[in-house]
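Let me begin by presenting the structure, written as structure tokens, before commenting on it.
The values are calculated or read from the model by the stated rules, or taken from the named source; none is laboratory data. Just so it is clear, the model here is predicted, and its values are computed rather than measured. Because the Cβ atoms are built from the backbone with ideal geometry, glycine has one as well, and the counts that use them run over all protein chains shown. Surface areas here come from the heavy atoms of the whole protein model, side chains and all, with no ligands, DNA or RNA. Shrake-Rupley method; radii C 1.70, N 1.55, O 1.52, S 1.80 Å.
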Amino acid sequence: MATDILSNIQENLPNFSKGQKRISAYIIDSYDKAAFMTASRLGKTVGVSESTVVRFATELGYSGYPSMQKALQEVVRTKLTSVQRMEVVNDLLSGDGDVVSMVLQSDVETLRQTSEAVDREVFAQVVDQLMAARSIYIVGVRSSTSLAMVLNFYLRNMLGDVRLVESNAVSEMFEQLVHIGPEDVVIGISFPRYSSRTIKAMQFCRDQGAQVVALTDSTQAPAARMAGKVLVAKSDMVSIVDSLVAPLSLINALIVAVGRKKETDLSRTYAELEHIWEEYDVYERVEN
């Protein structure tokens, strides 16, 4: 099956029936809308039965219409501009749509998909790599910056040398990564629309022999191709942004797993920090 469903449709177009060709034409011209239609609605839109739409999906090699719909949504997430994204969501929320319910339900679904997608053996191997690393470098730009900062904030108190790679220029990122080597681990965090800065930084680290881990939304994502280990966390389109709830949850799992491995050392570290925070009056107290 072609990686891109639109290419798959184009390749199979000569073999389709008249009804299937109508479905094909609509999807190719309006894949941004088709990606969020039920089989029934898509059938009514192009003038065919719901069963014809379902058969069309299986003809393309999908297990059913939901699988084909997911493939279409992947195209939407990687190809649509920010303005087009807004138009899609506005169409879904036409009238007095409940934004809160739509977004929260979408996040619940991405968490469920992520739980199914995470390879527990790979997850455990990544934890072991972090425990054994000489230095850990965390790379994440644009919307992924916040994820990188959370991971860095906690790991730096748990492990030895943890560095957040920060820059708006690839050349400056290379300067921060210049001493990376086989004893080091780099975690590249990358979600649509994938930043070339992160991918280039990961490629450089891989070329230097470092152990490269990708936290991304698919094993086919650009960051995954640069990594020896891939942790998949699903993200979903919400207007002009992608939900990062599931990626953050997976980062939380990483932090907890490392914390369990370092429980004794971590207890001493935080006991010392609590003493320092109290002595220097770091935090405001809540009055009862």
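Of all the residues in segment 1-60, those that are in contact with a Ser or Thr (Cβ under 6 Å, 6 or more places away or on another chain) and closer than 17 Å to GLN73 by Cβ number 1.
Do any strands (runs of 3 or more DSSP E) entirely within segment 169-252 hold 2 or more residues that are open to solvent by 50 Å² or more (accessible area, probe 1.4 Å) and under 19 Å from SER143 (Cα atoms), and if so, which?
No strands (runs of 3 or more DSSP E) qualify here.
For segment 29-39, a residue qualifies if it is surrounded by 14 or more Cβ atoms within 10 Å (Cβ to Cβ) and either part of a helix (DSSP H, G or I) or touching a Cys at 6+ places or on another chain (Cβ under 6 Å) (or both), and the qualifying residues are TYR31, ASP32, LYS33, ALA34, ALA39.
Could you tell me how many of the residues in segment 120-168 are without any contact (Cβ under 8 Å) to a residue 24 or more places away in the chain, of a type in the set (Asp, Glu) and either out of contact with any helix residue (DSSP H, G or I) (no Cβ under 9 Å at 6 or more places or on another chain) or assigned to a helix (DSSP H, G or I) (or both)? So the answer is 2.
Between ARG142, ARG163, the distinction of being on the phi > 0 side of the Ramachandran plot and open to solvent by 50 Å² or more (accessible area, probe 1.4 Å) belongs to ARG142 only. Scanning segment 110-119 for residues that are touching a Leu at 6+ places or on another chain (Cβ under 8 Å) and part of a helix (DSSP H, G or I) yields one hit, THR114. Looking only at residues in segment 118-133 that are exposed (fewer than 14 other Cβ atoms within 10 Å of the Cβ) and of a type in the set (Gly, Ala, Ser), the one that is nearest to the chain's Cα centre (by Cα) is ALA124.
Apart from one condition, LYS262 fits all of (1) among the basic types (Lys, Arg); (2) touching a residue at least 40 places away in the same chain (Cβ under 8 Å); (3) exposed (fewer than 10 other Cβ atoms within 10 Å of the Cβ); the exception is (3).
Based on what the data block shows, is THR58 assigned to a helix (DSSP H, G or I), open to solvent by 60 Å² or more (accessible area, probe 1.4 Å), over 12 Å from ILE5 (Cα atoms) and not acidic (Asp, Glu)? So THR58 fits the description; yes.
Selection of segment 40-54 for residues being open to solvent by 60 Å² or more (accessible area, probe 1.4 Å) and either closer than 10 Å to ILE23 by Cβ or part of a loop (DSSP other than H, G, I, E, B) (or both) yields only THR45.
Could you pull out the residue among ILE189, ILE199, ILE136 that is of a type outside the set (Asp, Glu), within 21 Å of the chain's Cα centre (by Cα) and under 16 Å from LEU248 (Cα atoms)? Give the derivation first.
Details: ILE199 fails: under 16 Å from LEU248 (Cα atoms); ILE136 fails: under 16 Å from LEU248 (Cα atoms).
Of the residues listed, the single one that is of a type outside the set (Asp, Glu), within 21 Å of the chain's Cα centre (by Cα) and under 16 Å from LEU248 (Cα atoms) is ILE189.
Among the conditions (1) open to solvent by less than 60 Å² (accessible area, probe 1.4 Å); (2) modelled with pLDDT of 85 or more; (3) assigned to a helix (DSSP H, G or I); (4) in contact with a helix residue (DSSP H, G or I) (Cβ under 7 Å, 6 or more places away or on another chain), VAL76 misses just one, which is (2).
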